[in-house]
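Inspection log for the structure reproduced underneath, given as structure tokens.
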Amino acid sequence: MAKLLSEKDATAIRGFFDQNLVEPVTMRLFVQDGGQPDDCMYCTETQQIAEEVSELSDKIKLAVHKVPGKEDAELKRYDVQRVPALILEKADADSGVRFYGIPSGYEFGTLIEDLADLSAGQTKLAPDIVRQVEAVQKDVTIKVFVTPT
């Protein structure tokens, strides 16, 4: 199967990871098990992207879960609503970050930045925004929907 990342892009991302990844992180991917490729739009491509990204740094681990299957407990643990689902973790702690569908286009850049931010334990948000977020006293779900342009 042909690589999705060009050698030029892979080299640039590898350099970015070398400079920005501090602690190990895990990409936990949920994809459909078996069936026809059309049964899960972009499961195959999402797994390929995750595999290629994880190969760019020894600080990125990839854990693939096939569903439905024996990992039904994992589906519940991570509250996976649909597949493909990519969940980012640090030290086996769920960060709350979810990518549903294929992280391509602008979302790919977001994935790369999120891995670096999670690994470093920091964000590039302005301090006043961080204070506002920390002041929230209840659980909040933020959903961002994107469409190809």
Worksheet entry | Residues that are more than 18 Å from the chain's Cα centre (by Cα) and either modelled with pLDDT of 95 or more or surrounded by 15 or more Cβ atoms within 10 Å (Cβ to Cβ) (or both), drawn from region 19-38 | GLN19, ASP33
Discussion item. I need a count of the residues in region 60-74 that are modelled with pLDDT under 85, over 18 Å from LYS90 (Cβ atoms) and not β-branched (Val, Ile, Thr).
Written reply: 6
Fill in: Qualifying residue in region 79-101 (condition: over 11 Å from the mean Cα position of the chain (by Cα), under 24 Å from PRO24 (Cα atoms), part of a loop (DSSP other than H, G, I, E, B) and not hydrophobic (A, V, I, L, M, F, W, C))
yes
Item to complete: For region 68-90, state whether one or more residues are of a type outside the set (Phe, Trp, Tyr), closer than 24 Å to THR123 by Cβ and loosely packed, with under 15 Cβ neighbours inside 10 Å.
Response: yes
Discussion item. Can you go through ALA2, ALA12 and tell me which one is free of Cβ contacts under 8 Å to residues at least 12 places away in the same chain and either part of a loop (DSSP other than H, G, I, E, B) or touching a Ser or Thr at 6+ places or on another chain (Cβ under 6 Å) (or both)?
Written reply: ALA2
Item to complete: Determine which single condition LYS66 fails, assuming it passes every other condition in (1) touching a residue at least 24 places away in the same chain (Cβ under 8 Å); (2) part of a loop (DSSP other than H, G, I, E, B); (3) charged (D, E, K, R).
Response: (2)
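The values are calculated or read from the model by the stated rules, or taken from the named source; none is laboratory data. Everything numeric in this text was worked out from a predicted model, so none of it was measured. Note that we place each Cβ from the backbone using ideal geometry, even for glycine, and neighbour counts take in every protein chain shown.
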